[in-house]
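Reading through the structure tokens given below for one structure.
Readers should treat all values here as calculations from the given coordinates under stated rules, not as data from a laboratory. Because the structure is predicted, anything quoted here is derived from the model rather than measured. Glycine gets a Cβ as well: all are built from the backbone with ideal geometry, and neighbour counts include every protein chain shown.
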Amino acid sequence: MIKGIQTLAHQQNVTVTDDNFDIDKLKVIAGIDQSPTIPEVKFAAARGIKISFEGEYVMRIERPERLPHATHLGKYDWKSLTAERTTTQGFWFALDLVERKKDLTAKNVYGMPPPIFIALVTTFYTAMYADAIETPKRWSSPALELHMQKTRNELPKSAWKRYWQVVDLVISSLRNNQTLAAKQADELEGVVINARP
């Protein structure tokens, strides 16, 4: 066993031996991946999203058609390509928000580890399309209200606070960069305020 791996594991209060060596556990210990037991990581994983740091942040996503999603709402049909694009758009927007706040290797941004923040932003984009077939320019207050109620029931209180903070930041940032129309942003911000933890 490499001495450095044992030292790193010891710093994390984990014992690593030749018998229990696990590459996934090592990635968590090294800070490349987040522990799959963290509620926010589980929440993102349920939407097929995994964020890792491998010199830069990378996202791995499952095929969207394999995950729960609406198929038809109103005049809109769910499309796999749009689902992938929306998820990717959320990931890149999250990276942009992290870069504005701190460098990508900082321990915390917006009060949470960067991979958690990135996963939550990406999951928000993904969930709004999967559940309501809405991309950011079409996000509606009724869809956001349903999403926030559902998510509040799914996440433990501390994870819900982080998620609420992320959604609030995303909505205000999209308003500021004029991705969202002013009226739309006002309505969405009203939903977010009403859902405050």
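Quick rundown of the values:
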| item | result |
| --- | --- |
| Packing-based ranking, highest mean first, of 73-86, 114-127 given that Cβ atoms within 10 Å are counted | 114-127, 73-86 |
| Lysine pairs meeting the criterion (Cα under 18 Å, 8 or more apart or interchain), as found in segment 36-194 | 8 |
| In Hz, Karplus ³J(HN,Hα) per residue of segment 136-148 (6.51, -1.76, 1.60; θ = phi - 60°; x = Gly, Pro) | x, 5, 10, 3, 10, 5, x, 5, 5, 4, 4, 4, 5 |
| Overall Cα dimensions of segment 48-157 - principal axes, largest extent first, Å | 43, 29, 24 |
| Amide proton proximity set for L73, modelled H, under 5 Å, gap of 5+ | W78 |
| Net +/- balance of residues flanking P68 in space, Cβ distance below 14 Å, scoring K and R +1, D and E -1 | 0 |
